[in-house]
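Okay, structure first, notes after.
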Amino acid sequence: MLVLAGIVVLHITAIILLLVATIDNAWWFTDSVATDVWGRWELAGSAWHYTNLKGDYAEEYLQVVQAGAVLACIFSILGLFVFVAQLFTLSKGQRFTFSGALMLISCLCVMIAASIYTDIFHKQEHGRFGHSFILAWISFVLTFILGVIYVVLRKKSE
């Protein structure tokens, strides 16, 4: 029972980190600019102004990063619901392969999004990656670990 609680807590943590990484505007920072996968905040005087990213970067890469981040969240949330459903429907001794597959797909989506963002965006700019970018990579590790755990885990007999 303790292992089950730990897995659920780890899964909820991964979902929260994925959502924060996707929603928060902290993927890239300079002294006067904060950028995420949705827009750019520029400091003008003492006020921050929102601008659109569409003209700044290649549209295709931006859409892939956005889609990867959103799909990672969706597959991770689906993975949690499927895991809970499988707890009540699987026969004893069977593996949680469908939950594991959903988490590995989520892992793949966040890896693609963060990798493309790393390689394509901000090559000529001087700045630093923000906490949302770091949370995306931490989420990649957590979703991979959860995917492996679900694939290996068997339902115990009571």
task = Take Ile145 and decide whether it is over 22 Å from Asp31 (Cα atoms), assigned to a helix (DSSP H, G or I), touching a residue at least 12 places away in the same chain (Cβ under 8 Å) and open to solvent by 60 Å² or more (accessible area, probe 1.4 Å).
result = yes
query = Quick one: Ala26 ticks every box in (1) in a loop (DSSP other than H, G, I, E, B); (2) open to solvent by 10 Å² or more (accessible area, probe 1.4 Å); (3) among the aliphatic types (A, V, I, L, M) bar one, so which box is it?
reply = (2)
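Residue-by-condition table, conditions (1) over 20 Å from Asp119 (Cα atoms); (2) not small (Gly, Ala, Ser):
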| site | (1), (2) |
| --- | --- |
| Leu4 | yes, yes |
| Trp28 | no, yes |
| Leu43 | yes, yes |
| Ala69 | no, no |
note = Residue hits (region 98-142; open to solvent by less than 40 Å² (accessible area, probe 1.4 Å), over 16 Å from Tyr61 (Cα atoms) and either in contact with a Cys (Cβ under 9 Å, 6 or more places away or on another chain) or not in a helix (DSSP H, G or I) (or both)) are Ser106, Gly130, Ser139, Leu142
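Starting from residues that are outside any helix (DSSP H, G or I) and touching a residue at least 24 places away in the same chain (Cβ under 8 Å), keep the ones in region 32-86 and report whichever is most open to solvent (accessible area, probe 1.4 Å).
As a first pass, look at region 32-86 and keep what is outside any helix (DSSP H, G or I): 32-58.
After this cut, where a residue has to be touching a residue at least 24 places away in the same chain (Cβ under 8 Å) as well, the list is 33-38, 57-58.
Working: Val33: 20, Ala34: 7, Thr35: 1, Asp36: 10, Val37: 1, Trp38: 94, Tyr57: 34, Ala58: 43 Å².
Top of the filtered list is Trp38.
The values are calculated or read from the model by the stated rules, or taken from the named source; none is laboratory data. Quantities reported herein were computed from a predicted structural model and do not represent experimental measurements. No Cβ is skipped: glycine too gets one built from the backbone with ideal geometry, and neighbour counts run over all protein chains shown. Side chains included, ligands, DNA and RNA excluded: accessible areas come from the protein's heavy atoms. Shrake-Rupley method; radii C 1.70, N 1.55, O 1.52, S 1.80 Å.
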